[in-house]
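Reading through the structure tokens given below for one structure.
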Amino acid sequence: MKDLTLAEKASLTSGSDTWHTTAVRDVVRALTLSDGPHGLRRQDESSGDALGLTRSVPATCFPPAVGLGSSWDPELARLVGGTIAREARAQGVDVVLGPGVNIKRSPLCGRNFEYFSEDPRLSGVMGAALVDGIQSLGVGACVKHYAVNNQETDRMRISADVDERTLREIYLPAFEHIVREAAPYMVMCAYNKINGVYASQNRWLLTEVLREEWGFDGLVVSDWGAVADRVAALEAGLDLEMPPTGTDAEIADAVRDGRLPEEVLDRAVGRLLRLASRVPAAPATTGWDADAHHEVARQAARASAVLLKNDGDVLPIAPGRKVAVLGELARTPRYQGHGSSHVVPTRLDSAWESLAAALDGAVFAAGYRLDGQADPELEREAVEAAAGADVAVLFLGLPDSAESEGFDRTGIDLPGDQTTLLRRVAGTGVDVVVVLSNGGVVSVSGWQDAASAILEGWLLGQAGGSALADLLLGTHSPSGRLTETIPHRLADVPSHLHFPGGDGHVVYGEGRYVGYRHYDTLDVDVAYPFGHGLSYTTFAYSGLEARETGANEWQVEVTVTNTGSRFAHEVVQLYVAFDEERPTRPRRELRGFAKIGLEPGASERVSFTLTGRDLAWWSASRGGWRIDPGAFTVEVGASSRDIRQRLELSTPGDGWAPPLTAMSTLGEWLDHPVGSRVLKEAFGGSALDRFSPALMGLARGIPLAKFRTFGIGLSPEVVDRLVAAVDG
Ligand code: BGC
């Protein structure tokens, strides 16, 4: 560092072009960054397309986070991460710009396909595993978009206005988990403001929380174009502006004229040098096995589809049945979303080709057009094909134009011509299996009665077509689970009245009640709950036990048995629940999960560790986590609405009581272990005992210092003495 001139140091705080950091002599090389997150989008430098949006170098396209998240399988995410890293090494990429772990606050967010879940624990665990996998080969991962980037509307300017408890309990924990558990080399700040301050120049977010509290020792990069003020950003803790705006002189000038302490610049440069030392230069290999990577993509896709319903066990398709495969999406797969995460795949499997290869005599009809234009002839052909079959496998979903980075959706319905086609196909009397392709949730409530089975195929990457065929034909059992609730109607979504805001602000008025936290607390009926997903077997749960292993720490165990007739995976989910008459917190929250594979008749004892943090809530007045003493319930089950075993436990709390002051209420004094003693010693129990219940109810809400107002005669001196007695 000491060999670097001021100008050289300033040059290291921005890139040399859209995808590279700046090299300085032989001190540090230029590092190559590339999207991310479900495969590489390395720009083809000869293409003249600076962003590489359409003409990136081919790479394996794995299931986007909406799919991979639904696998609930961190081991699989680690494998996918490692496989992406192998391609990164071969392509000379030093840092992969992913994973994205923003919370799905509304099903309308156009970029939900890039995010894992409405739940922070699930997002954090899956994200950490992906980071781990990527970094296992010496390639950096970059967690994004930090933070509270939950919509695309006005994303570059809007202020997400969120109370601190909601930030701490919903929007930050996934980042926190990944930073603490997987130590990513980079974090990317979001475009938006948080409570009025751009993420890129938010010192609280980038320095106090990220580094001082969580111990992040990596580099913070801007989202592409997120910096408004270079000097303010650097001071707040942002180390690298991407892409460069040619404004490095502003940094050097600010140091020269004393507005910016040189140590601040040195700190950012130090972080870039540390990043360079973490990612070894020069690829060890130049090639990778495209077939093997495609197989990993297929394995991941298989684990990610969610079987929502399967009436009469219509799936898997029994041998010998005549099958009509319907819907353009069976032939032209929708397998990833649009925008910066778009990968040019190495190959592409279509479900129709895979099914045709496996099924004698299967027929295909497109049924509808993907551009939304009605086509009665296509519809007629599809209905005719269905009428001649035993089973119609009908692919429905959202066209490419319906969802993308950069804009939000306005509704959650499938295109009307597709649901009309479904009704007509069902009208032939054939068994209908609907296979969905969509990045954001679509409503099923208006049409699901017409389908015997629904397989939610999300966006599954380049091998999605063959993976769906594997599941439909039963060579593998579905094992994905919903990472987000499917509501009946858009209007049921808790953020509905607060999304996407306007006039420069989006107010997170639903607070912590995101997704199932809302539906379960208020008992709102949903189409399919968080955590739901069927398989081709059944599972039984038994023997839930908890053993206290420390202060506010328990080992929880439950036995899961495969009671069906074939091998399959179960996702065992552990929730902590509070049954409050008047809710002060979500009814239940996911605190652990495990995906296990079981042969028919086999059992496994599944074990979870529950910690104080799993019970805690964020107290803004304390500026920290709190655990209240009392009862809580451990629930284990197969979805947030399919709880199979319950166990009541209790916690002594964390022993913390808020400090008492003259402005603490009588109730707070009486509930405080020392305060109540001091009060009783000062006045004798009897004075308070004379209060009627109604008077006591009223008095409990009055701060001690205000009692004088009501002629009860607590002079300031007396109150001061009481406060001193508590402090002493
Ligand atoms: C996106 C990021 C992406 C970056 C570089 C931005 O517009 O928000 O997720 O990594 O572009 O392509």
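The values are calculated or read from the model by the stated rules, or taken from the named source; none is laboratory data. Values in this document were obtained by computation on a predicted structure and should not be read as measured data. We place every Cβ from the backbone using ideal geometry, glycine too, and count neighbours over all the protein chains shown. Surface areas here come from the heavy atoms of the whole protein model, side chains and all, with no ligands, DNA or RNA. Shrake-Rupley method; radii C 1.70, N 1.55, O 1.52, S 1.80 Å.
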For the chain, whose charge dipole is built from +1 on Lys and Arg Cβ atoms and -1 on Asp and Glu Cβ atoms, the candidate among Thr60, Val227, Pro415 with its Cα farthest towards the positive end is Val227
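Determine the shape class of the stretch 331-373: with a ≥ b ≥ c the square roots of the Cα gyration tensor eigenvalues, call it rounded for a/c under 1.5, and otherwise prolate if a/b is greater than b/c, oblate otherwise.
Since a/c reaches 1.5 but b/c is at least a/b, the shape of the stretch 331-373 is classed as oblate.
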Which one of Gln151, His177, Pro280 is farthest out on the positive end of the charge dipole of the chain, using unit charges on Cβ (Lys, Arg +1; Asp, Glu -1) and the Cα centre as origin?
His177
Given the candidates Trp204, Gly711, Gly461, the one whose Cα lies deepest towards the positive end of the charge dipole of the chain, counting +1 at each Lys or Arg C-beta and -1 at each Asp or Glu C-beta, is Gly711
Dividing the surface of the Cα convex hull of the chain by four yields a projected area in nm² of 37.1 nm²
Students often get this wrong: which residues of the stretch 166-199 have the backbone nitrogen under 12 Å from the point 7 angstrom along Cα-to-C-beta of Ala620?
166-168, 195
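Considering Cα pairs under 8 angstrom that are at least six residues apart, work out the relative contact order of the chain and quote it in whole percent.
Numbers: 1713 pairs, mean separation 93.6, N = 728.
Once normalised by length, the contact order is 13 percent.
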Apply the membrane-span-like helix rule to the chain: whole DSSP H runs, Cα extent along the own long axis of at least 20 Å, mean Kyte-Doolittle hydropathy at least -1.0. List the helices found.
74-90, 120-135, 262-278
Under Karplus coefficients 6.51, -1.76 and 1.60, residue-wise ³J(HN,Hα) of the stretch 576-593 in Hz, glycine/proline x
9, 10, 10, 9, 9, 5, 10, x, 10, 7, x, 4, 8, 9, 5, 10, x, 7
For Ala450 and Asn195, extending 7 Å from Cα along the Cα-Cβ vector and measuring point to point gives, in nm, a value of 4.9 nm
I'd like the accessible area for Trp19, computed on protein heavy atoms only with a 1.4 Å probe and all protein chains in place. Round to 10 Å², please.
10 Å²
Which value does Rg/Rh take for the stretch 626-705 over its C-alpha atoms, Rh per Kirkwood?
1.20
Find out how many positive minus negative residues lie around Asp360, taking Lys and Arg as positive, Asp and Glu as negative, among other residues whose Cβ is under 14 Å from that of Asp360.
+1
Given +1 on the Cβ of Lys and Arg, -1 on the Cβ of Asp and Glu, and no further charges, what dipole in debye does the stretch 291-521 carry about its Cα centre, rounded to the nearest 20?
340 debye
Distance from the Cα centre of the stretch 440-455 to that of the stretch 608-686, in angstrom?
43 Å
Tell me, in nm to one decimal, what length is gained between Leu6 and Asp671 on full extension, where the rule is 0.36 nm per residue of separation less the Cα-Cα distance?
233.5 nm
In terms of modelled amide H atoms, which long-range or inter-chain residues lie less than 5 Å from the amide H of Asp35?
Arg41, Leu97
From the phi angles alone, apply the Karplus equation (6.51, -1.76, 1.60; θ = phi - 60°) to the stretch 144-149 and give each ³J(HN,Hα) in whole Hz, x where the residue is Gly or Pro.
9, 10, 8, 8, 6, 9
Sorting check: for 367-379, 112-124, 169-181, which peptide has the highest mean count of neighbouring beta carbons within 10 Å, and how do the rest follow?
112-124, 169-181, 367-379
Roughly what % of DSSP beta bridges within the chain run antiparallel, to the nearest 5?
65 percent
Taking amide hydrogens as modeled 1.01 Å from N in the peptide plane, which residues meet the under 5 Å criterion relative to Ser159, leaving out close sequence neighbours?
Lys193, His505, Val506
Helix-only [θ] at 222 nm, the chain, -39500 (n - 2.57) per DSSP H run of 4+, per residue, nearest 500, equals -8000 deg cm²/dmol
Under unit Cβ charges (Lys, Arg +1; Asp, Glu -1), what dipole magnitude, rounded to 20 debye, does the stretch 246-326 have relative to its Cα centre?
540 debye
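Calculate, for the chain, the solvent-accessible area per residue in square angstrom, rolling a 1.4 angstrom probe over the heavy atoms of the protein chains. Don't skip to the end; give the middle numbers.
Values: 26810 Å² over 728 residues.
On a per-residue basis, 37 Å².
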List the lysines whose alpha-carbon lies under 27 Å from that of Lys706, not counting same-chain residues fewer than 8 positions away?
Lys680
Within the stretch 626-692, which trypsin sites (Lys or Arg not before Pro) sit in a loop by DSSP and count at most 16 neighbouring Cβ atoms inside 10 Å?
Arg690
How much length, in nm to one decimal, is gained on full extension between Glu45 and Arg165, taken as 0.36 nm per residue of separation minus their Cα-Cα distance?
38.7 nm
Compute the distance in nm between two label points, each set 7 Å from the Cα along the Cα-to-Cβ direction, one at Glu75 and one at Arg700.
5.1 nm
Would you pull out the residues with amide H under 5 Å of Gln645's amide H, same chain only if 5 or more places away, H placed 1.01 Å from N?
Val636
Please check which bits of the stretch 668-694 a label hung off Glu581 would reach, taking the label as a point 7 Å along Cα-to-C-beta and the cut-off as backbone N under 19 Å.
693-694
If I model a spin label at Arg708 and Glu263 as a point 7 Å from the Cα along the Cα→Cβ vector, what separation in nanometres do I get?
4.5 nm
Any idea what the dipole of the chain comes to, in debye rounded to 20, about its Cα centre with Lys/Arg Cβ at +1 and Asp/Glu Cβ at -1?
920 debye
